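Take a look at the structure set out below.
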Amino acid sequence: MNPEERGCCEPELIFELADGGLDPERRRAVQNHLESCPECRELYERELGLNAFLDSFELSVPRRSGAVSRGVAMALPTRPIKARLLWSLLAGALLTVALLALELNGTNLVVSAMGALGMLWSFAEGFADALQNALTAAATPLLAALAVGAGLDLLIAVAVFSAARRARRA
Ligand SMILES: [Zn+2]
């Protein structure tokens, strides 16, 4: 299975080469191919740089996790983008909570839920009021900050994703 017989460009082999996971025969074949294919050489150098970067932060735990996660890693020029995506999800969740807090401003849901516990009623009411006041006061600046942050992160992630896809199709 020489990559040149398949008309070149087997990203899996490039990643295996960068990780040192190829047997000598295939390694030579891929290295030969790299010399004649700038696209694969760029991928190889990027993966090498990425490996060095990950090693320097000791984030190399899932390195041997197989083709699926490699496919995901390939779509992302830098793996820390994943952290950005996670942050966007978190920001989205917080945004929803903050929106709910605003929506429920008049109905005092916390108090109604706690109302079943009659003995705790007055304590719950005071606590809920304080909580609601704090949430309401915090909600507006929080909303603005989260909306901007989440929006920016999503824009960056989308731009990077589509750029990486175009690069792979080219
Ligand atoms: Zn190639």
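What the table below lists for this structure:
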quantity	calculated
Hey, Arg64 more than 24 Å from Arg166 (Cα to Cα), of a type in the set (D, E, K, R) and modelled with pLDDT of 90 or more or not	no
Residues satisfying the stated conditions in region 7-33, i.e. without any contact (Cβ under 8 Å) to a residue 40 or more places away in the chain, in a helix (DSSP H, G or I) and within 10 Å of the ligand (Cβ to nearest atom)	Leu13, Ile14, Val30, His33
Pair list, Cβ under 8 Å, 6 or more apart: region 34-48 residue free of Cβ contacts under 8 Å to residues at least 24 places away in the same chain and near the ligand (Cβ under 9 Å from one of its atoms), other residue in a helix (DSSP H, G or I) and of a type in the set (Phe, Trp, Tyr)	Leu34/Tyr44
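Residues are listed down the side, and each one gets a yes or a no for (1) farther than 30 Å from Ala145 by Cβ; (2) at pLDDT below 85; (3) not polar (S, T, N, Q):
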residue	(1), (2), (3)
Cys40	yes, no, yes
Asn51	yes, yes, no
Phe57	no, yes, yes
Ser60	yes, yes, no
Ser88	no, yes, no
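Residue-by-condition table, conditions (1) hydrophobic (A, V, I, L, M, F, W, C); (2) at pLDDT 55 or above; (3) in contact with a Cys (Cβ under 7 Å, 6 or more places away or on another chain):
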| position | (1), (2), (3) |
| --- | --- |
| Met74 | yes, no, no |
| Arg84 | no, yes, no |
| Ala91 | yes, yes, no |
| Leu94 | yes, yes, no |
| Phe127 | yes, yes, no |
| Thr140 | no, yes, no |
| Ala145 | yes, yes, no |
| Val158 | yes, yes, no |
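The values are calculated or read from the model by the stated rules, or taken from the named source; none is laboratory data. The model shown is predicted, which means the values in this text are computed figures rather than measured ones. Because the Cβ atoms are built from the backbone with ideal geometry, glycine has one as well, and the counts that use them run over all protein chains shown.
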